[in-house]
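One structure is given here, and the rest of the page talks about it.
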Amino acid sequence: MGNQKMVVAILLILALPIVDLVLLFRVGKYIGFWRTLGLVFGTALLGVALLAVQGFGVYRKALNELGAGRIPKNQVIDGLLIVIGAVLILLPGPMADVAGFVLLFPLTRWPVRGAVLRWIEQYIYINI
């Protein structure tokens with residue numbers, strides 16, 4: 001059963017970029033090459049700006065948590081999700097952009113953070 005999950009995961013990892021590029025070409029066919037190129041660069045620039053703003057905010061919150069003597073677990077997960085979101089936005093394709101923006105905005109990131117924290121608590125034991 002474990003091998004089947006691994007095969008499915010590998011197939012998804014290989015198929016999603018192909019589907020994303022097909023969608024990008026369809027968008028390009030519909031709105032034109034230059035507008036599509038502008039959309040790709042525009043989302044990349046917006047992603048970099050959001051990375052800077054959100055990343056600095058999470059860094060500041062992590063420092064506050066450390067200063068209060070607490071472990072900044074939410075901020076560490078947020079930081080990781082923000083970096084993943086920024087990388088996804090830098091990749092060309094509408095699906096990657098949507099997933100990246102979901103990870104960059106706090107209101108849409110918190111459910112993902114909750115799922116990641118539950119997964120960590122279920123599979124990883126940390127003795128502090």
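No value in this document is a laboratory result; all are computed from the given coordinates. The structure displayed is predicted, hence computed values, not measured ones. Quick reminder, even Gly has a Cβ in these numbers, built from the backbone with ideal geometry, and neighbours come from all protein chains shown.
For the stretch 31-106, what class follows from the C-alpha gyration tensor (a ≥ b ≥ c being the square roots of its eigenvalues): rounded when a/c is under 1.5, otherwise prolate if a/b is larger than b/c, else oblate? Cα axes put the stretch 31-106 in the prolate bin. The label point for Trp119 and the one for Leu45, both projected 7 Å from the Cα toward the Cβ, are 3.4 nm apart. Here volume of the Cα convex hull per residue in Å³ was computed from the coordinates, and among (1) 110; (2) 91; (3) 393 the match is (1).
Full-extension gain between Tyr59 and Ile13, please, as 0.36 nm times their residue separation minus the C-alpha to C-alpha distance.
On the way: separation 46, 0.36 × 46 = 16.56 nm, distance 3.01 nm.
My answer for the length gained is 13.6 nm.
Electrostatic bookkeeping for Leu107 treats Lys and Arg as +1 and Asp and Glu as -1; over the other residues with beta carbon under 15 Å from its beta carbon, the sum is +1. The magnitude of the dipole of the chain, with charges of +1 and -1 set on the Cβ of Lys/Arg and Asp/Glu and taken from the Cα centre, is near 120 debye.
Per-residue Cβ neighbour counts within 10 Å put Thr36, Thr43 in the sequence Thr36, Thr43, beginning with the fewest. Screening the chain for whole DSSP H helices with an alpha carbon extent of at least 20 angstrom along the helix axis and a mean Kyte-Doolittle hydropathy of at least -0.5 yields 2-31, 33-67, 73-90, 106-123. Across all Cα atoms of the stretch 69-112, the radius of gyration (one decimal) and Dmax (whole number) stand at 11.4, 42 Å.
Between the residues Asn3, Leu91, Leu46, the greatest Cα displacement towards the positive end of the dipole of the stretch 2-123, with unit charges on the Cβ of Lys, Arg, Asp and Glu, is found for Leu46.
Need the list of lysines near Lys61 for cross-linking: C-alpha distance under 25 angstrom, and skip anything on the same chain fewer than eight residues off. The qualifying lysines are Lys73. Between Tyr30 and Ile71, the simple spin-label model (points 7 angstrom out along Cα→Cβ) gives 4.6 nm.
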